[in-house]
């Protein structure tokens, strides 16, 4: 019995298989290629060059051939950006979820969505413009540097934090809020004693995702002070190295096969870093899901 | 009778509210200050007689020509072609996850998609320079750094974004129709074709718009793979330059200040494109925001 | 007495929690057959096991045998080569809360016909009218078939769901508390409808209402906790006091 329209469904199934096979193929090709090419350079010299590891870690000896300064640069960027973005993002998320009225919330969500969509190179350009403005006004010798880059990365990470906080708070059971208000707690007490502790996991997941976003971005720091050879980051306003830029730079400007292998090594390090952050964020969010989905299980029985 | 207590409490409650509200205002103000900076710094170009020079087809900074139209076209071409590859793939992946494929494969596939969101752009770029570009160079001719290379990799980059949006939409629709569809004996592929796809029109449109915005805004893939010649590409194998890569290149080569000012015009165009994307999403949603 | 469905040692668990254990029963043709039981005893799960709808819910495991006798012969519901879609078309279902599809009234009935049997145009429209008449909805919706189905009242939606199932010409209809979400008048109408459909279909009804069961049931099974299924004779459940004595510990 041949039915009309069945051809379309078979085509749909066939095509979905094709698309589904494409994803693991690309992923395996990419990770496999990366690992194979990074293999020759893998080890302590990748990080520290000829400098003894202990001396480099304690900062007693400078590192010349390794990617350690770039790693430290990236870590400082992440740290600084988190310091700026986390308080601001979580506070904004709490405000939008718990305090803002409907209209305020709509206006602010539009702004947050817009911020999330702004290309990172434009954020970098914004940072660059900030320096130009400072130079023309009260700091004629202002220059791009670590703090400026961290600020730009914070801007990029902010929407992730706001949305994660807001979503987590909004998915908490309404009973929790009612219970708090029923006890005569003020809004802030409900938020700080009940809702925030209950949403700690979701917010942490958002923080980790935001950190991963800040760690991988290249375009914004490209315009705001990253350089190829700066050594360890010295001051907040100084130039610095960072892993993603190091990779980008070596991919275009490598002189020797060893440098190219180092680029692949750095890429593998960066992928491990963001991959770890990804797994951590997933663990946070899955636990959260399980905590609150226990109630649904009873519902459909 | 304790009349004082409620007053005290309200007082104690006011400070955190103010702080939170302040934080939200700072966050929102960031968007406006980005716009303000871009507008202010590109004003000399936009208002003066240089507008004609800006809207021309030639970028020759040494000759005083700062035309950015080739980059505008380059951005649109690249983003459009990347979406033309990524969108059908994303749709296929979502159909696969939502019943067209076997249940056991859905979860691992979706985890891979989520993992792809965490892969740094520069890693895609690096691997493509040494894996994809030589393939293209061998298969056709030229350097391999081309519109084609950038479009393919950009498609991989935006794929997870598009998948996650479509998936959210499919989940919402299927929650509504799945049991009813199964009860009348629809196979999953029939449910997909006759119910989920037609009822997801809005989400599908939103995914296209947001994916396009994401493709338009990426810097590193075109910068590393597209060859960066500042002219309109004649074929898929030609080199092209996008607005984003243009900004990165010109800042790096440190030209004189007239070139800088044209960069802010590029930034402004990208910002306005983002604005259009967001307004587009809002209009598709029909202003039914919660 | 012809058997419509034979269930043998049926166990169902969700996420490792046993909802139904070793339930065995034979449901005769015609009916209506009523399933009664405390809430949580697994009535709905038993009903959904017949057309394998439990599989639409996460982490469900089913073991045992369900044999459905259809016009085309016996179907082994859980055999590996059974097409679950075909089974579900032979065994229609109406849910506790009406779950119309977010389409027009006409598409609610015609879309499944088109998708599963390739039926379109005049043929599909004729089938739709027949089903709507059978569900006593035709006179109420004939002038607004293109309106969205969600605009109908609860009772109308429930009858539309019934019509949607009937349009596929099933042999068996599963009804999961079909009147529970309706007001008195709408419920009465659906009840009357069941009385008429019993001559053409095997009806299996999960119900909370004792009086409803007494009024309509031809056969009656009681689900005890732990999976024991007890069949009550007509003489017992037609007599209110006798029924209450049997069910006293249950309801």
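The values are calculated or read from the model by the stated rules, or taken from the named source; none is laboratory data. These numbers come from a predicted model, not from an experiment. In this analysis, Cβ positions are derived from the backbone assuming ideal geometry, glycine residues included, and neighbour counts consider all displayed protein chains.
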query = Quick one: would you say residue A:7 is within 26 Å of residue B:123 (Cα to Cα) and either modelled with pLDDT of 75 or more or within 31 Å of the chain's Cα centre (by Cα) (or both)?
reply = no
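Conditions (1) under 18 Å from residue C:173 (Cα atoms); (2) touching a strand residue (DSSP E or B) at 6+ places or on another chain (Cβ under 8 Å); (3) assigned to a loop (DSSP other than H, G, I, E, B); (4) touching a residue at least 60 places away in the same chain (Cβ under 8 Å), marked per residue:
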| site | (1), (2), (3), (4) |
| --- | --- |
| C:25 | yes, yes, no, yes |
| C:31 | yes, yes, yes, yes |
| C:36 | yes, yes, no, yes |
| C:41 | no, yes, yes, yes |
| C:44 | yes, yes, no, yes |
| C:55 | no, yes, no, no |
| C:64 | no, yes, no, no |
ask   = Given the residues B:150, B:106, which is the only one that is crowded, with 21+ Cβ neighbours inside 10 Å and more than 7 Å from every other protein chain (Cβ to nearest Cβ)?
value = B:150
ask   = How many residues does the stretch A:248-270 hold that are surrounded by 24 or more Cβ atoms within 10 Å (Cβ to Cβ), facing chain B (nearest Cβ under 10 Å) and in contact (Cβ under 8 Å) with a residue 24 or more places away in the chain?
value = 5
query = Counting just the residues of the stretch B:183-200 that are surrounded by 23 or more Cβ atoms within 10 Å (Cβ to Cβ), part of a helix (DSSP H, G or I) and free of Cβ contacts under 8 Å to residues at least 60 places away in the same chain, which one comes out farthest from the other protein chains (Cβ to nearest Cβ)?
reply = B:195
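State the number of residues belonging to the stretch A:132-150 that are more than 11 Å from chain B (Cβ to nearest Cβ), assigned to a helix (DSSP H, G or I) and more than 22 Å from the chain's Cα centre (by Cα). Working first, answer last.
Our first condition is that a residue be more than 11 Å from chain B (Cβ to nearest Cβ); within the stretch A:132-150, this holds for A:134-135, A:137-143, A:145-150.
Applying the additional criterion that residues be assigned to a helix (DSSP H, G or I) yields A:134-135, A:146-150.
Next, only the ones that are more than 22 Å from the chain's Cα centre (by Cα) stay: A:134-135.
Total meeting the criteria: 2.
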inquiry  = Whether any residue in the stretch B:203-221 is farther than 30 Å from residue A:108 by Cα, more than 8 Å from every other protein chain (Cβ to nearest Cβ), in contact (Cβ under 8 Å) with a residue 12 or more places away in the chain and crowded, with 24+ Cβ neighbours inside 10 Å is what I want to check.
reply    = yes
task = Kindly provide the set of residues from the stretch A:112-131 that are in contact with a helix residue (DSSP H, G or I) (Cβ under 6 Å, 6 or more places away or on another chain) and either free of Cβ contacts under 8 Å to residues at least 60 places away in the same chain or away from chain B (no Cβ under 11 Å) (or both), ordered by number.
result = A:112, A:113, A:114, A:115, A:116, A:117, A:118, A:122, A:126, A:129
query = What is the residue count in the stretch B:139-151 for residues that are at pLDDT 90 or above and out of contact with any strand residue (DSSP E or B) (no Cβ under 7 Å at 6 or more places or on another chain)?
reply = 4
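Have a look at A:12, A:46, A:96, A:80 and point out the one that is closer than 27 Å to residue A:212 by Cα, crowded, with 17+ Cβ neighbours inside 10 Å and either in contact with a strand residue (DSSP E or B) (Cβ under 7 Å, 6 or more places away or on another chain) or within 14 Å of chain B (Cβ to nearest Cβ) (or both).
A:96
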inquiry  = On the basis of being under 25 Å from residue A:127 (Cβ atoms), crowded, with 24+ Cβ neighbours inside 10 Å and either without any contact (Cβ under 8 Å) to a residue 40 or more places away in the chain or in contact with a strand residue (DSSP E or B) (Cβ under 9 Å, 6 or more places away or on another chain) (or both), does residue B:247 make the cut?
reply    = yes
query = Can you name every residue in the stretch A:206-229 that is at pLDDT below 85 and buried (at least 19 other Cβ atoms within 10 Å of the Cβ)?
reply = A:225, A:226
